[in-house]
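Let me begin by presenting the structure, written as structure tokens, before commenting on it.
Every number here is computed from the coordinates shown, using simple stated rules; none is lab data. Not measured: the values here are computed from a predicted model. All Cβ positions, even for glycine, are placed from backbone atoms using ideal geometry, and neighbour counts span all protein chains on display.
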Amino acid sequence: MPKITAAKTIVTCPGRNFVTLKIETSDGVTGVGDATLNGRELSVKSYLDDHVIPCLIGRDAHRIEDIWQYLYKGAYWRRGPVTMTSIAAVDMALWDIKGKLAGLPVYQLLGGANRSGVMVYGHANGETIDDTITRAGEYLAAGYRAVRLQTGVPGMTGTYGVSKDKFFYEPADADLPTETVWSSERYLPVVPELFAAAREALGWDIHLLHDVHHRLKPIEAARLGKDLEPYRPFWIEDPTPAENQDAFRLIRQHTTTPLAVGEIFNSIWDCKALIENQLIDYIRATVTHAGGITHLRRIAALADLYGVRTGCHGATDLSPVSMAAALHVDLSIPNFGVQEYMRHTAETDAVFPHAYAFADGQLHPGDAPGLGVDIDEAAAAKFPYRRAFLPVARLQDGTMHDW
Ligand code: KDG
Ligand code: MG
């Protein structure tokens, strides 16, 4: 049996912070897992270094499900983003090892491909509607079949999703949280204008998405969904915070605009009621923050029973290891919907050499054994950790709001 002989965490900041777990086995095979929790990176590193790695040594690397259950049930303190990201990193690394030992890409171990590739959506953003549409046109020209549209709100600086750099949206931008200002009243009329202009300029042969980023009250989200219906959005995402899941019933009663939720979920228990009550259309849980390949598949299987498809989060704060793992899941499940793809910087791609590749609006994980992604430790060492926080949002009168 391939015994786990060593494991370590590697922190690197090639433009942004990433935490990677690397597991070694007695067979000489290694595996990698993404353990990045944006803005709270070192807490996951400590959880792994201090509380998980010592328990892994000597275990059979093939027993992925047993190790998952051991770490989940054995913690006693179940769930939560730090615990579930740590378990996810171990899980990904073990699937990587199993694939390498079998000589197969992980998607083959998960049942094989269900489709030619994984449809991804890119991020078009701009300070103005015209800017955003120009960017969306560039994505179309590059072959994308789906694009997320985010635009500046007149009078508001630092609107969510709008960045100076048009290709790499990086919200974790400062040593202490940047304070941004928000007004739902100003935002609400802008999005339907954006979508009307986008359909006019780009036509109907492209999926258009939008991220509300938890900012609206349920009744406001219901109105936005209704106002967008004529433009047939693929989805609106995180229309309202998902702690109170009954809020989605209210939104649902008013609109047929599809709803996507779950990028900050970390367990099937966060997803269960929304899925079983058919209150959402796409579940966005990630392989990194929701317990790894093993747990994400379980979430996808539950969703499939209720006609809910996946639309996994894929922001820049999920490393190429996470992207590779997500693609193996996406390719192999029956109810895949779309995969978010915020491209990484050239420095990040160099630190994490990977087999996945983009063509015709789709990503494919490639056929290298395992996940098909690695970490170049020498390159990683050139980019030491830099503390970086996500921003916070306040209303114009100073009241704290959801960022
Ligand atoms: O770390 C926070 C980001 O991952 C998040 O703001 C990105 O909402 C996001 C998205 O849909 O990509
Ligand atoms: Mg989002």
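See the values below:
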{"read-out": "The range 4-105: translational diffusion in µm²/s, Stokes-Einstein, Kirkwood Rh over Cα pairs, 25 °C, 0.890 mPa s", "value": "181"}
{"read-out": "Normalised contact order of the chain, rounded percent, pairs of Cα under 8 Å and 6 or more residues apart", "value": "23"}
{"read-out": "Beta bridges by DSSP in the chain, antiparallel share as percent, to the nearest 5", "value": "45"}
{"read-out": "The chain - mean residue ellipticity at 222 nm from DSSP helices (-39,500 (n - 2.57) per run, n ≥ 4, rounded to 500)", "value": "-10000 deg cm²/dmol"}
{"read-out": "Residues residue 134 and residue 73, FRET efficiency given R0 of 51 Å [Cβ-Cβ distance, rounded to 0.05]", "value": "0.50"}
{"read-out": "For the chain, size of Cβ-based charge dipole, Lys and Arg +1, Asp and Glu -1, in debye", "value": "740"}
{"read-out": "Within the range 168-189, backbone nitrogen closer than 18 Å to the virtual label 7 Å beyond the Cα of residue 141 toward Cβ", "value": "168"}
{"read-out": "Residues 13, 271, 312, sorted so that the one with the fewest Cβ neighbours within 10 Å comes first", "value": "13, 271, 312"}
{"read-out": "Among 57, 245, 218 the positive-end extreme of the charge dipole of the chain (Cβ point charges)", "value": "57"}
{"read-out": "Relative packing of 85-91, 116-122, which averages over residues the other C-beta atoms within 10 Å, highest first", "value": "85-91, 116-122"}
{"read-out": "16 Å Cα cut-off, lysine pairs counted over the chain (separation 8 or more, or different chains)", "value": "9"}
{"read-out": "HN-Hα J in Hz across the range 302-307 - Karplus 6.51, -1.76, 1.60, θ = phi - 60°, x for Gly and Pro", "value": "5, 4, 4, 4, 10, x"}
{"read-out": "Relative packing of 93-101, 130-138, which averages over residues the other C-beta atoms within 10 Å, highest first", "value": "93-101, 130-138"}
{"read-out": "Packing-based exposure ordering (other Cβ within 10 Å, fewest first) of 1, 92", "value": "1, 92"}
{"read-out": "Nitroxide proxy distance, nm - points 7 Å out along Cα→Cβ at residue 346 and residue 278", "value": "5.0"}
